[in-house]
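Everything on this sheet refers to the single structure shown next.
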Amino acid sequence: MRIWRMLTVPLRSLVRRRATDDELDEEIRYHLERDVERRMAGGESETEARRAARRDFGNVTALTEEARSASRMDAIEQLMQDTRFAVRSFRRAPRFALTVVLTIGLGLGLVTSAFTIFDAYVLRLFDVRDPRSLFEMRLHDQWGRERYMRWNEYRALARANPAFSESFASVWIIARRDGEPVMLQAVTGGFFRMLGVGPALGRLIQPDDAATPGGGAILVLSHRAWLARFGGDSSIVGTALTIRDRSYQIVGVAREGFDGLGDTPPDFWVPITMAAALDDRAAGSGADDPMLKVVGRLVPGMTPAGAARALSAWASAATADRPEPERAPTVTLEPRATALYMSPATMLEVSPLFVAFALVLVIACANVANMMLARGMARQRELGIRLALGAARGRLVRQLMTEALLLAVPAAFVGYALSRLALDVAVTLMFATVPATFSSYLRVLPLGPDIRLFAFVVACAVVAAVVFGLAPALQTTRTNVVGATRGEFSTAIRPTRLRNALVLGQVTFCALLLITGTVLLRGAQRLQSLDVGFRTAGVVQVHAPQALRSRVLERLQSDPVVRAVETSSHGAFDGRFPQRVVTGAPNAGSATAGSVRVSPGYFAALGIPVRRGRTFSAEEARSEERLAVVSEATAERLWPGRDPIGATITLSSAYVGQTGQRARVIGVVGNVVAGFYGERMDHPTVYEPGSVESNLPTLVVATRSEGPSSLVSIQRRLSSIDPSGSIEIRTLDESVAVQLYPFRAAHWVASALGAIALLLTITGIYGVLSFVVALREKEIGIRCALGATSRAIIELVVRQSIRLAAIGVVVGALLALGASRFISSHLTMIPAFDAVAFGSGMVIVLAAALAAAFGPARRAASVEVVESLRN
Amino acid sequence: MSDAKTDLLQGTLDLIVLRLLRSGPANGWDITQSIQVVSKGALEINYGSVYPALRRLEARGFVKAEWGTSDNNRRARYYELTAAGRKQLAAERDAWERFATALGLILDAG
């Protein structure tokens with residue numbers, strides 16, 4: 001409270017300037033009138049009294065002005081004085097100033113980098129008309145699972161219009177062109193008009209373009225794709241582009257700064273009527289109906305909750321006549337004003353990430369606070385004398401805080417520059433280290449600075465200055481005036497406790513970061529050797545457009561490096577298999593299972609073991625007989641303890657308008673990961689027969705050798721039939737590497753943070769111990785004189801470091817235990833307690849503390865006894 | 001404004017005002033009257049210079065001000081010593097005494 005007053009009194013008088021000006025006039029008026037009254041009561045005439053009162057008062061205008069400036073000039077002048085003084089003292093100690101600026105700059109740079117990404121994805125509003133009224137609509141089935149909207153449903157919604165004043169539907173499509181993936185967003189005709197986005201060139205998609213299914217073969221380029229892929233050539237408008245054997249006319253380029261309404265900027269926009277022609281996933285699965293995402297603009301005055309209620313009522317009525325899994329009784333709305341929507345709960349969940357970055361800044365602040373403290377000790381004579389001469393303590397604290405703030409300003413610049421550099425390097429590194437086949441799919445939102453970012457850096461710098469400046473300022477001005485005048489300085493302040501607390505905090509946070517980083521590293525390693533239930537080495541998945549499929553198959557089958565070519569309706573590691581409800585008729589349970597259609601040799605090619613019964617025969621596959629092979633998990637769920645062979649199951653349809661299909665179980669196979677890498681293996685999976693010659697989209701190729709040569713051979717053979725590069729060839733190992741990448745990246749970031757924290761902590765301990773040794777030189781000299789060996793002196797100093805480090809490491813490990821509990825509740829492969837990670841993290845920090853103590857300890861041991869005692 | 005003279009006067013006047021406020025809150029006019037009475041008219045100052053002094057003290061947090069009603073029922077600004085002001089008064093008083101003693105010693109030594 002008192003500190004607050006000390007710091008804010010001059011500030012308040014600045015803010016309240018106008019009010020005090022009026023008050024001053026009133027005050028002086030009162031004085032004069034009162035004086036006139038007094039004189040008139042003493043018998044003077046009014047004119048006389050007035051003249052006398054003014055004479056006694058002095059020059060009214062000048063004095064008013066002086067009083068006026070006394071209240072505010074004091075504040076400004078003090079600030080100027082403090083600034084000049086601080087700059088002078090920095091010039092005397094440039095190394096100190098530079099170290100502070102760089103240390104704080106480093107911490108600020110890390111925090112700012114993290115914030116830049118957060119800002120770009122979570123805070124920055126889309127540059128479209130009234131982004132805050134945009135909401136994405138999500139349908140949920142009765143089990144709460146998300147369900148995409150179908151075309152007819154969207155048309156019905158657009159007609160019924162229960163909550164949106166306008167809306168658009170879109171589908172994401174990834175196609176391949178020139179060997180590179182292109183991201184397409186197929187949109188309904190009103191897309192650009194609704195968002196208020198105009199063209200930079202030509203025209204954009206209009207309602208007429210998206211009127212008839214299969215019609216409207218036009219293309220709009222994003223401004224970025226126009227620059228990146230066509231070099232900003234304006235003659236490109238009007239020309240044609242071939243994607244998936246179809247020619248599209250480029251009609252225009254969208255204006256700069258519009259990157260769609262998602263976290264991935266698209267390259268092209270096409271009318272939604274082209275979606276089926278572009279998406280080959282739709283072809284094999286029978287789902288020629290695209291799965292739509294719907295974004296609408298809320299009717300003015302309607303609350304999101306009210307709109308969700310109205311849309312839920314509409315959706316449950318519109319899907320009431322469907323089979324049960326098709327019904328959608330609930331609709332939720334999610335704001336689409338920013339790339340990623342984060343509810344307060346989600347923000348809380350990602351906050352540990354920011355805490356990790358902030359901790360490095362805290363450690364940097366602790367380092368600097370210790371330096372300021374040491375400097376304050378060295379300046380005790382100066383501060384003591386100034387206190388003795390009558391300087392108010394608040395004034396001195398203010399002056400020391402001015403110094404801290406002055407150092408924070410260049411630190412903010414350094415931090416900002418560092419963050420720009422770090423982000424550039426990080427993005428480059430990411431593109432360089434991500435598996436090659438994936439890097440062309442990677443899209444990053446622009447990370448350009450904005451006003452929020454600058455405000456953030458400045459705010460952080462000010463907070464940092466208060467953190468590293470205030471405690472030392474209060475400590476060092478607590479000088480005993482009497483002692484100081486007597487020349488006793490070193491006994492006056494003993495900020496040992498504060499210094500120890502700072503070192504302790506550093507060690508604690510450093511241990512926390514390092515241990516958590518090691519836990520993540522080992523998690524990533526464990527994930528690398530995760531059992532997925534099938535072989536990934538030497539298996540290549542090929543996706544080809546339907547038109548090329550038979551020729552691709554022929555080439556593959558005649559390739560000598562190929563052992564077998566099989567097929568499936570859904571690729572491995574390509575997201576979850578389509579989910580269907582499986583019922584074991586008539587007296588068995590039911591379960592949701594991933595369903596996939598595969599060719600007979602699929603199990604052998606991937607090494608999935610057959611546990612009971614048999615797999616499909618070639619004949620059964622060709623005629624797509626109503627047979628099923630189920631995974632062990634399915635058998636356990638539906639027929640616990642019984643033999644499923646020969647049982648009949650009903651598979652509810654995954655698609656609109658079809659009723660359930662019956663199938664006879666002929667075999668049981670081992671469990672597999674039927675979705676992304678890292679998902680659980682015990683999720684039920686049901687296989688249905690299909691033949692290699694059918695139109696199932698994924699070709700699964702098992703090669704004879706596991707080396708890269710077979711992949712190269714396959715690529716060469718296929719490139720001749722597809723010069724436009726629309727065939728996607730990827731090994732399963734690559735898919736695994738891509739899906740492991742986020743974990744590896746997380747571990748790198750954690751390790752980098754840990755390393756920086758360790759470095760800062762080592763320098764912090766080193767600095768503090770050096771200072772303490774210098775302070776205790778006399779004492780050490782006496783110890784030496786009394787016969788202490790240099791070994792004993794070294795022990796004395798090292799013990800001090802180790803004691804602090806030990807406490808810090810234990811507290812840090814306890815915090816890390818909480819952190820890894822939290823992480824393991826989100827990621828299954830991270831154990832709640834990883835003894836090896838904890839052990840190694842703690843040892844590293846302790847070893848670092850020992851190393852940091854070594855230099856100062858040796859210096860202490862070499863203290864010249866006579867010298868130190870004479871001083 | 002000439003430097004040496006005003007500086008000395010300024011400091012002294014501030015001390016006087018602080019001292020007078022020790023006996024309780026007062027407004028500017030009260031203070032000018034007290035100066036007259038206590039110093040028995042020996043100090044020749046412009047009454048008006050009390051106001052810059054009060055503002056200075058207020059800006060440094062030694063006094064705080066509030067509007068109140070004077071004894072003749074008019075609105076007047078009343079000043080009161082703060083805890084910091086009390087301390088400052090003690091410190092300045094000590095400093096003044098040390099200065100006066102030292103000066104006395106020097107002057108008597110001759």
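FYI, it's all coordinate maths here, none of it is from the lab. Predicted, not measured: the structure shown is a model, and the values here were computed from it. Virtual Cβ from ideal backbone geometry, glycine too; neighbours counted across all protein chains shown.
Annotated for the protein assembly as shown: lysine pairs at least 8 residues apart or interchain, Cα distance under 29 Å, count 6.
Here's how it looks for A:Ile218: its modeled amide H is under 5 Å from those of A:Gln249, which are all 5 or more places away or on a different chain.
Loop only per DSSP, at most 13 neighbouring Cβ atoms within 10 Å: give me the trypsin sites (Lys or Arg not before Pro) in the stretch A:544-602, ordered by residue number. Those that pass, being in a loop and sparsely packed, are A:Arg576.
Average projection, convex hull of the Cα set of chain A: 54.4 square nanometres. Between the alpha-carbon centres of the stretch A:535-600 and the stretch A:203-259 there is a gap of 34 Å.
Listed by Cβ neighbour count within 10 Å, with the fewest neighbours leading, A:Met401, A:Met342 appear as A:Met342, A:Met401.
Oblate is the label for the stretch A:40-172, because a/c, from the alpha-carbon gyration tensor with a ≥ b ≥ c as root eigenvalues, is 1.5 or above and a/b does not exceed b/c. Across the stretch A:193-206, rounded Karplus estimates of 3J(HN,Hα) from the backbone phi angles (6.51 cos²θ - 1.76 cosθ + 1.60, θ = phi - 60°) give 5, 4, 8, x, 9, x, x, 8, 7, x, 10, 10, 5, 10 Hz, Gly and Pro being marked x.
Under 5 Å from the amide H of A:Arg611 lie the amide H atoms of A:Val668, A:Val669, A:Gly670, each residue being 5 or more positions distant or on a separate chain, with H modelled from the backbone and absent for Pro and chain starts. Only Cα pairs under 8 Å and 6+ residues apart enter the sum, and on that basis the relative contact order of chain A stands at 14 percent. The simple spin-label model puts a point 7 Å past each Cα toward its Cβ; for A:Arg626 and A:Thr61 those points are separated by 10.8 nm. Within chain B, the whole DSSP H helices whose Cα atoms reach 20 Å or more along their own axis and whose mean Kyte-Doolittle score is at least -1.0 are B:3-21, B:83-109.
Rounded to two decimals, the Cα-based Rg/Rh of the stretch A:507-652, with Kirkwood Rh, is 1.10. Here the stretch A:723-871 was treated as a single set of alpha-carbon atoms; its pair distances binned every 10 Å from 0 give 10, 27, 22, 16, 12, 8, 4, 2, 1 percent.
Screening chain A for DSSP H helices whose Cα atoms reach 30 Å or more along their own axis and whose mean Kyte hydropathy is at least 0.0 gives A:94-118, A:344-378, A:393-433, A:451-476, A:496-528, A:732-775, A:790-826, A:835-861. By the Kirkwood approach, averaging reciprocal distances over each pair of separate Cα atoms, the stretch A:496-580 gets a hydrodynamic radius of 18.4 Å. As a proxy for reagent exposure, A:Thr428, A:Thr319 were ordered by neighbouring Cβ count within 10 angstrom, fewest first; the result is A:Thr428, A:Thr319. With a 10 Å cut-off around each Cβ of A:55-62, the average count of Cβ atoms from other chains is 4.
3J(HN,Hα) couplings calculated from phi for the stretch A:327-338 with the Karplus curve 6.51 cos²θ - 1.76 cosθ + 1.60 (θ = phi - 60°) are, in sequence order, 6, 10, x, 10, 10, 10, 10, 10, x, 10, 7, 10 Hz; Gly and Pro show x. A simple rule links phi to the HN-Hα coupling: the Karplus curve 6.51 cos²θ - 1.76 cosθ + 1.60 with θ = phi - 60°, which for the stretch A:168-173 gives 9, 10, 8, 10, 8, 10 Hz, with x for Gly and Pro.
May I ask which residue of A:Phe168, A:Ala473, A:Phe833 lies farthest towards the positive end of the charge dipole of the protein assembly as shown, with charges of +1 (Lys, Arg) and -1 (Asp, Glu) on Cβ and the Cα centre as origin? Looking along the dipole axis, the top candidate is A:Ala473. Placing unit charges on each Cβ (+1 for Lys and Arg, -1 for Asp and Glu) gives the protein assembly as shown a dipole about its Cα centre, and among A:Val539, A:Val503, A:Gly754 the Cα reaching farthest toward its positive end belongs to A:Val503. Panel order for A:His223, A:His31, A:His826, by other beta carbons found within 10 Å of each beta carbon, from fewest to most: A:His826, A:His223, A:His31. Computed over chain A, the per-residue total of -39500 (n - 2.57) for DSSP H runs of n ≥ 4 gives a 222 nm mean residue ellipticity of -18000 deg cm²/dmol, rounded to 500. For chain B, the Kirkwood estimate of hydrodynamic radius, built from reciprocal distances between every pair of different alpha carbons, is 15.1 Å.
Relative contact order for the stretch B:14-84: 38 percent, from Cα pairs under 8 Å spaced at least 6 residues apart, divided by residue count.
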